[in-house]
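Everything below concerns the one structure shown next.
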Amino acid sequence: MEKNKENLDLENKTQEKQVSAYDVEMRKLDIREKKEIECKKFKEKNKHKIIALILGIVTIGSLFDYGFFRTLGIWIVLGFCYCLGGWFDRDPKVMGFVINLLKKFQ
């Protein structure tokens, strides 16, 4: 009797451990979705750091290629175009910045 119980216990354990291909694929999808959510949270939390890092790399590259004054000119033109685009888009932050800047130079 006891051997039969042990055999039944072993059979139950082996049946519990059997995993189908569907279970494996669902687990992979869950892991992938979890990683995507973590990546989105990281990007949302560190968006400005990522942008600043990319701009820094571009600036270093242009400093080596064009020199300091040309790079400075590029940044001035980029800033002017950004303010102009923000003005046309009626972005309140940019409009406030431009108005304050114009008041200082009057």
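Run the dipole for the stretch 60-106 about the Cα centre, Lys and Arg Cβ at +1, Asp and Glu Cβ at -1, nothing else charged, and hand back the magnitude in debye, nearest 20.
Roughly 220 debye for the stretch 60-106.
Tell me the net charge near Cys83. Cut-off is 11 Å between Cβ atoms, Cys83 excluded, with +1 for each Lys or Arg and -1 for each Asp or Glu.
Around Cys83, the charge tally is -1.
Can you give me the Rg/Rh ratio for the stretch 23-89, using Cα atoms for both radii and the Kirkwood formula for Rh?
Rg/Rh for the stretch 23-89 comes to 1.28.
Loop only per DSSP, at most 13 neighbouring Cβ atoms within 10 Å: give me the trypsin sites (Lys or Arg not before Pro) in the stretch 18-106, ordered by residue number.
Arg90
Quick note: the coordinates plus some simple rules give every number you see, no bench work behind them. Treat the numbers as computed from the prediction; the structure is a model and nothing was measured. As a convention, Cβ positions derive from the backbone with ideal geometry for all residues, glycine included, and neighbour counts pool all protein chains shown.
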